[in-house]
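To start, the structure under review is shown below, and the notes come after it.
The values are calculated or read from the model by the stated rules, or taken from the named source; none is laboratory data. Predicted, not measured: the structure shown is a model, and the values here were computed from it. Neighbour counts run over all protein chains shown; Cβ positions are idealised from the backbone, glycine included.
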Amino acid sequence: MVIKNDQPGHPHGYADLCEAGAELYARALRAGRVSRAEVDDVPCLIDLALLHPDLDDSQWLRPVPPSTVLAQLEHPIEREILERREQTLALSDAFAPFLAMSEQRPPATGAMTELHGVSNIDATIVQATAECEKELLTVQPGGGRTPEVLSTAIARVRPLVERGVRVRSLYQHTARHSYGLLAYQERIGEEHMELRTLEELVDRLIIIDRKVAFIPAQRERPVMYNRHIALEIRIPGLVEYLAGVFDHLWQSATPLDEEVHHRPPEQDGITGVQRSIARLLVEGHVDEVIADRLGMNVRTCRAHIAKLATVLGSNGRAQLGYLIARSDILDRD
């Protein structure tokens with residue numbers, strides 16, 4: 001309970017008693033009383049009931065002992081605390097049966113969590129990777145990696161292989177031209193980490209112990225952190241399905257220490273890479289997405305598209321897609 005003074009010059013309560021009021025109250029306690037005339041400038045002492053009339057002489061006011069004032073103020077607070085404590089105990093008793101049910105419920109077997117923000121995504125993946133016990137599978141689409149990226153990868157992977165975790169990673173053929181990738185495998189050791197490459201890969205994928213997987217939240221993106229959103233998947237059936245996709249790609253991939261045998265161009269000069277580009281063009285992808293999917297820069301991708309246009313006699317992008325669909329390019333094995 002805090003009483004406020006309505007006087008314009010003294011809008012305060014007990015805790016912030018004005019300096020003039022504090023001095024006069026202290027003098028009243030020492031002298032035993034003060035005159036009414038002295039209180040005219042500090043009406044807060046009357047409003048806060050710190051002074052009361054002298055029954056023997058109406059010209060004087062006597063101070064209320066501080067212990068009495070404090071007891072009057074503390075009593076309603078203590079009563080409120082007691083009531084709140086009783087209410088808390090009553091709520092605890094009411095919810096006790098429900099808490100017991102919650103504790104007995106079996107833990108969830110799977111979940112899918114949407115992760116937002118690069119820092120949050122990276123921290124979650126780092127934590128899950130650090131807990132890996134048996135197997136780490138990754139799909140890394142795109143071309144070569146920078147030394148900084150590979151140094152970070154080494155710092156994360158080395159502790160895993162040192163405790164016997166098997167690491168398998170899939171890259172695209174274009175990453176073979178990066179010296180950094182070879183150095184990466186050498187620093188980790190071929191006996192602990194296997195790297196293979198394919199011409200085209202699915203989106204970025206991380207699978208840890210076949211228990212948790214991380215994928216981009218949307219299809220067309222240049223990196224895992226497309227719009228800074230990724231999915232953390234802990235649904236056993238879905239994680240196992242993604243692991244099956246990885247195993248299928250792995251069987252078709254070429255080990256990093258083996259030479260890739262590219263099919264010779266057809267009679268019309270169309271290469272395997274250009275057939276892959278043709279398929280993505282028909283699917284409606286833009287140049288940037290096609291280049292990303294095949295791990296090449298956009299300029300190289302457009303050079304291949306120009307070759308397709310020349311061979312098929314196309315005068316525009318829309319006509320090129322139509323001519324590709326009518327040709328036998330997509331039917332060649």
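Here are some notes:
- Residue match in the range 171-184 (condition: at pLDDT 85 or above, part of a strand (DSSP E or B) and closer than 20 Å to ILE290 by Cβ): no
- Pairs where the first residue, in the range 170-188, is assigned by TED's automatic domain parsing to the domain that holds ILE206 and the second is in a helix (DSSP H, G or I) and at pLDDT below 70, C-beta under 7 Å, 6+ apart: TYR171/LEU181; ALA175/LEU181; GLY180/PRO147
- For the range 268-281, the set of residues classified as surrounded by fewer than 17 Cβ atoms within 10 Å (Cβ to Cβ) and basic (Lys, Arg) consists of ARG279 only.
- Looking only at the range 305-330, and only at residues there that are of a type in the set (Val, Ile, Thr) and free of Cβ contacts under 8 Å to residues at least 40 places away in the same chain, the one that is surrounded by the most Cβ atoms within 10 Å (Cβ to Cβ): ILE305
- Condition check for GLU190 on (1) at pLDDT 70 or above; (2) outside any helix (DSSP H, G or I): one failure, at (1).
- Pairs with Cβ under 8 Å, 6+ apart, first in the range 219-236 and farther than 16 Å from THR124 by Cβ, second modelled with pLDDT under 50 and in a helix (DSSP H, G or I): GLU220/ASN226
- Filtered residues of the range 289-299 (kept if without any contact (Cβ under 8 Å) to a residue 12 or more places away in the chain and more than 11 Å from ILE277 (Cα to Cα)): VAL298, ARG299
- Tallying residues that are in a helix (DSSP H, G or I), of a type in the set (A, V, I, L, M) and crowded, with 20+ Cβ neighbours inside 10 Å within the range 282-304 yields 3.
- Hits in the range 49-91 - residues which are closer than 18 Å to HIS12 by Cα and touching a Lys or Arg at 6+ places or on another chain (Cβ under 9 Å): LEU51
- So VAL202, is it out of contact with any Phe, Trp or Tyr (no Cβ under 6 Å at 6 or more places or on another chain) and modelled with pLDDT of 75 or more: no
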